[in-house]
Amino acid sequence: MRVLVTGGAGYIGGTVATILMQAGHQVTVLDNLCHSKRNEVPAGVSFVQADVADRARVESLLRELQPDGVLHFAALIEAGESMQKPEIYFRNNTASTLSLLEAMHATGVQKLVFSSTAAVYGEPESVPILETAKLVPTNAYGESKLLVEYMLQWFHRIHGLRYASLRYFNVAGALPGRGEAHEPESHLIPLILDVALGRREKILIFGEDYDTPDGTCIRDYIHVADLADAHILALNALLGAGDGKLICNLGNGSGFSVKEVIESARRVTGHPIPVEVRPRRAGDPARLVAGSEKAKRELGWTPKITDIDAIMKSAWEWQQVRYKH
């Protein structure tokens, strides 16, 4: 396949681009490098430094490539920041994607796999969360992604766009030589591993009085390689028969608490990982776990790395290599 990967210098997009390359596909990465570096673009791909919002540049690229499909990861992802600067999330996530969709329509590129988020659900009424749950985001980040999903539905209905929207929570783990590297970092597993590396003194736990077995929040963690597999399966599904519209959750189906993740890091790293308990943060639900039976049924997708220690081990190996350089 010929595939355009937007945001392909980032953590998830770069992993997907790498796995596509290893499978023998022709990959072009489009990234503006606003939160990544040139050396984070996977080796062997064609690279174009540009913004998805640059309609003329993207249209020109699509005419040149005529890709079989687009995998769209380019986005800002910090939910907390989105509640301070919602305007940059609607500009970068929503409006930029409209420019991409216009360019795709103008050039006859009709297949898109969209990196959505389970943040479109907001506070769940029941867990695990199903695709049929109410869509009531509690932050501007989730809303910016939900607005894209609405656009995709209309482009599908009116222009025949074939699309898959994949909703997931916490992506974790690493491939050899490629892992999570956000600046600033806000995700739990790399923050914990920073403690083991001596880059932080302790890890903060926000609330231990939730209605969960150990009192701390439970979250769904999915290994980045499993996530990449789902995106490739989704693109293959769009290339086949069917109505060309697929909305799926991706998750491990159970979830792990903050304390369970910390204990895993202690086992894997051999470091004591000091903690400090702080009051709850506003808007943190007790339990967020995505039900992914639909993805298993319709895509034949089954996550292979579901053990938290295995996820942690791959992340730890990556972080040790990362900070040797």
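Every number in this text was worked out from the coordinates using simple rules, so none of it is lab data. Predicted model, so just to flag it, every value in this text is computed and none were measured. All Cβ positions, glycine included, derive from the backbone under ideal geometry; neighbour counts span all protein chains shown.
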Check: Hey, fewest Cβ within 10 Å first, where do Cys217, Cys34 land in order?
Finding: Cys34, Cys217
Margin query: In whole Hz and in residue order, list the ³J(HN,Hα) couplings for segment 45-50 that follow from phi through the Karplus curve 6.51 cos²θ - 1.76 cosθ + 1.60, θ = phi - 60°; x for Gly and Pro.
Written below: 8, 7, 10, 10, 8, 6
Notebook entry, point to check: Roughly how many debye, to the nearest 20, is the charge dipole of segment 138-257 about its Cα centre, given +1 on each Lys and Arg Cβ, -1 on each Asp and Glu Cβ, and no other charges?
Noted result: 540 debye
Check: For the chain, with only Lys/Arg (+1) and Asp/Glu (-1) charged at the beta-carbon, what is the dipole magnitude about the Cα centre, in debye rounded to 20?
Finding: 520 debye
Next item on the list: Please sort by residue number the GluC sites (Glu not before Pro) in segment 163-238 whose DSSP state is loop and whose Cβ has at most 11 other Cβ atoms within 10 Å.
Entry: Glu201
Next item on the list: Could you check which residue among Gln153, Gln110, Gln22 shows the biggest mean-square fluctuation in a GNM of the chain with a 10 Å Cα cutoff?
Entry: Gln22
Notebook entry, point to check: Among the listed pairs Lys202/Lys313; Lys134/Lys245; Lys202/Lys259, which are separated by more than 21 Å between their Cα atoms?
Noted result: none
Checklist line | Computed magnitude of the charge dipole of segment 43-100 (debye, nearest 20; Cβ of K, R +1, Cβ of D, E -1) | finding: 100 debye
Checklist line | Set Lys85/Lys324; Lys111/Lys145; Lys145/Lys324; Lys85/Lys304 screened for pairs whose C-alpha atoms are more than 29 Å apart | finding: Lys85/Lys324; Lys145/Lys324; Lys85/Lys304
Item checked: Loop GluC sites (Glu not before Pro), segment 39-134, which have at most 10 other Cβ atoms in a 10 Å radius of their Cβ (DSSP) -> Glu125
Note to self: If you filter segment 180-226 for chymotrypsin sites (Phe, Trp or Tyr not before Pro), then keep DSSP loop positions with at most 16 other Cβ within 10 Å, what is left?
What the structure shows: none
Check: What residue among Ile88, Ala225, Phe256 has its Cα farthest toward the positive end of the dipole of the chain, where the charges are +1 on Lys, Arg and -1 on Asp, Glu, each on the Cβ?
Finding: Ala225
Check: When only Cα pairs under 8 Å and 6 or more residues apart are kept, what is the percent relative contact order across the chain?
Finding: 18 percent
